[in-house]
Amino acid sequence: MGIFETEMRHKDIDHRVNMKSEDRDENGTFLYNERITAYSNEGITAYSNERITAYSNERITAYSNERITAYSNERITAYSNERITAYSNERITAYSNERITAYSNERITAYSNERITAYSNERITAYSNERITAYSNERITAYSNEGITAYSNERITAYSNERITAYSNERITAYSNERITAYSNERITAYSNERITAYSNERITAYSNERITAYSYERITAYSNERITAYSNERITAY
């Protein structure tokens, strides 16, 4: 795509979401309560230490096979009751030491065979009553010393043949009355010196032929009136 085509494409996107030049600050950033929206196979892409940021009840939204992608030490960040949402076979992807972060009652949500993926020392983090949720054969996956972490009454939930998987010295951790739950033939798996840990009246629960498995000097630990429960031909295994 040439420079002229790129400029026209950007103008086209601005036109569709009814944004004018005065809707941006001197750096080209969208102002208060506006949307950054991409329609039909378009991408919202930030290269080289840039940020895709939405402030104050705004949305970063991608429709129909689009990507929200940040390359090289960038952040996809939503503040104060905002959503990072991808619909229909789309990806929310962060490469190389980046964060996908939602603050204060926000959701990171992927629908229908989509992935929320963090590569190489990155975090998928939700603070204060938020959810990290994947529906229908999707994965919440963290690679290489990364954490999937939920704080304060939040859930890490996978529905229908999905996996919550942590590789290589990572933790799946839930604090304070939260649940790590897998439904229907799914696995909660930790490899190589990792922990699956639940603190304070929480449950680690697997339903219907699923496994809670820890390999190589790892712990499955429940503190203070909590349950580790396996139903119907399942295994709780530690190697």
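One table, with the values for the structure above:
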item	result
For the stretch 188-239 versus the stretch 64-137, the gap between their alpha-carbon centres in whole angstrom	25
Net charge of neighbours whose Cβ lies under 10 Å from the Cβ of Tyr71, counting Lys and Arg as +1 and Asp and Glu as -1	-3
Per-residue [θ]222 nm for the chain (sum of -39500 (n - 2.57) over DSSP H runs n ≥ 4, rounded to 500)	-2000 deg cm²/dmol
Mean Cα-pair separation over length for the chain, i.e. relative contact order, pairs under 8 Å, 6 or more apart, %	10
Sites excluded, GluC sites (Glu not before Pro) in DSSP loops with at most 14 other C-beta within 10 Å, longest stretch of the chain	51-239
Other-chain or far-sequence residues with amide H under 5 Å of Ser128's (modelled H)	Tyr151
Rough spin-label spacing in nm, given labels placed 7 Å along Cα→Cβ, for Tyr87 and Arg139	2.6
Cα-based helix-to-principal-axis angle, 3-16 vs the chain, degrees rounded to 10	80
In nm, spacing of pseudo-spin labels at Ser176 and Asn65 (7 Å Cα→C-beta vector)	4.4
Charge dipole (debye, nearest 20) of the stretch 43-155; +1 at Cβ of Lys and Arg, -1 at Cβ of Asp and Glu	120
Label corresponding to Cα extents along the principal axes in Å when calculated from the structure given, among [x] 60, 31, 27; [y] 64, 55, 40; [z] 71, 42, 27	[x]
Candidates Arg227, Arg99, Arg91: whichever shows maximal mean-square fluctuation once the chain is modelled as a Gaussian network with Cα springs under 10 Å	Arg227
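Values in this text are rule-based calculations from the coordinates and carry no lab data. Computed from a predicted model, the values in this text were never measured in an experiment. Note: ideal-geometry Cβ built from the backbone for every residue, glycine included; neighbour counts use all protein chains shown.
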